[in-house]
Amino acid sequence: MLKRRIEQTLIEWKEDANHNPLILKGCRQCGKTFSVLSFARNNYKHVVYLNFFENSDYAAAFAGSLHIDHITMMLSALLGKDAVFVPGETVLILDEIQECPEARTALKFFKLDGRYDVIGTGSLLGVRGYRKAPRSIPVGYETVVEMFPLDFEEFLWANGISDAMITMLKTCLETEAHVPDAIHNRMKQLLLQYTVTGGMPEAVQNFIDTKNMYKVLQIQKDIVRSYEDDMVKYAAPEDKPFIKESFQSIPRQLSKENKKFQYSVIRKGSTSSRYRGSLQWIEDAGIIRRCHNLSITELPLDGNAMEDIFKVYMTDCGLLVSMLEDGTQFDILQGNLYGYKGAIFENLIADIFSKMGRKLYYFHKDSGLEVDFVIRYKGKCTLVEVKAANGNTKSTKTVLQNPQKYHVEQAIKLGDYNIGRTSQILTLPLYMAFLLTSY
């Protein structure tokens, strides 16, 4: 069983005496249902489980009165002995809650009633044009938590890396000390494996059990196809023809020297007015993350983000690799990430940062100055360069040499290195990106 970070979040939610019903949202197949059921069975005497996607008949329990006694009576009639409601001992799990908008509206009434805990999961909550919408979103009566595919630290746990080892890496980072070679080489190997496997639980579990990369690739391709099926099935009619085209253009967008997302790459002559909605749909479904250009490298980063100038990365780097040509997996595992003009490296770091809950930003000027990522690190605006080899950091040095103009004092260069420092630039191995917390 894969250890997931969400487990602690669920425990903390339950221990809060005044907790709201919980909504766990995230892209399809990232492990929401498995994690919630495992938590529920370990922490409640009675678990009542409804999957609205698999059985639309369950929606009937929420079609009339939303009084809690009425709902529990209806569920008891539908589920028989599988629906036991005991105050303080029962959790109701509403899987794929977006398929039953009335169930989400009912969360307010469960909160006010207070006898039973409720957890809803949703894969397409809030996507543009979704065919079902709740009468009323219970603002103030629900807590929404986003869940991602496994992040790099969870992947390390799955591969037997202990918390003590991770603490040692943190100490090396804080003291800027050399990571011992044996550990350094093992971490580099695991990072390459994570790059091709990504964090989809089925893919990770298969990798752990078999190390069969062909099977991992087939799992990933099936997930990508299921995403494309969702795009056709659930999107608004006006967006359906364009969503799949937008999605399939992502590898081409990243293969360009200038990785700014360009609608003309989707189809020659296309414009933002035609494809903006389709791209938003994919983002709302949790499949991609935007990385916005900054007007100036200064905190707060969100306040300086340029809305219409951005790059697009896949939320899960393994799924990006599965969309590339055959043989890419082998190349990466051999240590060759040089293809796609650094796109694989960049998407890997975007994956790691976004799964930490970071919003993504970069800095580009028409003069040619460009920095891959800009983050808040130790409370300061920090440049992050991602290098496939010992590439130069000309843009970073330009920014650092002009503090009055750019307001930046520190930078990090991630690449195939151990820990080191040159003046204001801290050099780190790529695998340490997950340790770069805001404070």
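The values are calculated or read from the model by the stated rules, or taken from the named source; none is laboratory data. Predicted, not measured: the structure shown is a model, and the values here were computed from it. Using ideal geometry, Cβ is built from the backbone for each residue, glycine included, and neighbour counts are taken over all protein chains shown.
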Fill in the blank from the handout: Going through the stretch 250-279 in order, the residues found to be under 22 Å from residue 200 (Cα atoms) and surrounded by fewer than 21 Cβ atoms within 10 Å (Cβ to Cβ) are 251
Fill in the blank from the handout: Condition set of a type outside the set (D, E, K, R) and surrounded by fewer than 16 Cβ atoms within 10 Å (Cβ to Cβ), scope the stretch 10-33, selection farthest from residue 106 (Cα to Cα): answer is 11
Handout entry: Subset of the stretch 381-439 that is in a loop (DSSP other than H, G, I, E, B) and within 24 Å of the chain's Cα centre (by Cα) - its residue that is surrounded by the fewest Cβ atoms within 10 Å (Cβ to Cβ)
Key = 439
Problem - Residues of the stretch 280-333 satisfying the condition of being among the aromatic types (Phe, Trp, Tyr) and buried (at least 17 other Cβ atoms within 10 Å of the Cβ) - result: 281, 310, 313
Exercise for the section: Determine if the stretch 159-173 includes at least one residue that is crowded, with 19+ Cβ neighbours inside 10 Å, modelled with pLDDT of 95 or more and out of contact with any Gly (no Cβ under 8 Å at 6 or more places or on another chain). Expected result: yes
Exercise for the section: Have a look at 350, 411 and point out the one that is closer than 28 Å to residue 197 by Cα, assigned by TED's automatic domain parsing to the domain that holds residue 256 and touching a Ser or Thr at 6+ places or on another chain (Cβ under 9 Å). Expected result: 350
Handout entry: Residue satisfying condition, being in the same structural domain as residue 102 (by TED's automatic domain parsing), in contact (Cβ under 8 Å) with a residue 40 or more places away in the chain and closer than 18 Å to residue 26 by Cβ, within set 202, 142
Key = 142
Exercise for the section: Please indicate, with yes or no, whether at least one residue in the stretch 183-191 is at pLDDT 95 or above, closer than 14 Å to residue 318 by Cβ and either crowded, with 20+ Cβ neighbours inside 10 Å or under 21 Å from the mean Cα position of the chain (by Cα) (or both). Expected result: yes
Fill in the blank from the handout: Pairing a residue in the stretch 75-98 that is among the hydroxyl-bearing types (Ser, Thr, Tyr) with any residue that is at pLDDT 95 or above, where Cβ atoms lie under 6 Å and the two sit 6 or more apart in sequence or on different chains, gives 76/83; 90/46; 90/116
Completion exercise
Note: among 54, 102, just one is buried (at least 17 other Cβ atoms within 10 Å of the Cβ), under 30 Å from the mean Cα position of the chain (by Cα), under 30 Å from residue 227 (Cβ atoms) and charged (D, E, K, R), namely 102
Handout entry: Enumeration of residues in the stretch 162-184 that are within 15 Å of residue 435 (Cα to Cα) and β-branched (Val, Ile, Thr)
Key = 166, 167, 171, 175, 179
Practice task
Name the residue, out of 139, 145, 179, that is aliphatic (A, V, I, L, M) and at pLDDT below 95.
Solution key: 139
Exercise for the section: Evaluate the following for residue 265: is it in contact with a Ser or Thr (Cβ under 6 Å, 6 or more places away or on another chain), of a type in the set (Val, Ile, Thr), assigned by TED's automatic domain parsing to the domain that holds residue 368 and over 24 Å from residue 309 (Cα atoms)? Expected result: no
Fill in the blank from the handout: Restricting the stretch 324-356 to residues that are modelled with pLDDT under 95 and of a type in the set (Gly, Ala, Ser), the one nearest to residue 221 (Cα to Cα) turns out to be 327
Handout entry: Qualifying position, being part of a loop (DSSP other than H, G, I, E, B) and in contact with a Leu (Cβ under 6 Å, 6 or more places away or on another chain), among 140, 199
Key = 199
Handout entry: Single unsatisfied condition, residue 69 versus (1) at pLDDT below 95; (2) loosely packed, with under 15 Cβ neighbours inside 10 Å; (3) among the charged types (D, E, K, R)
Key = (1)
Handout entry: Meets criteria (closer than 26 Å to residue 147 by Cβ and not in a helix (DSSP H, G or I)) for residue 352
Key = no
Exercise for the section: Out of 217, 156, 192, 124, report the one residue that is outside any helix (DSSP H, G or I), touching a residue at least 12 places away in the same chain (Cβ under 8 Å), of a type outside the set (Ser, Thr, Tyr) and within 29 Å of residue 282 (Cα to Cα). Expected result: 124
Exercise for the section: Scan the stretch 97-118 and give yes if some residue there is of a type in the set (Asp, Glu), farther than 21 Å from residue 61 by Cβ and not in a loop (DSSP other than H, G, I, E, B), otherwise no. Expected result: no
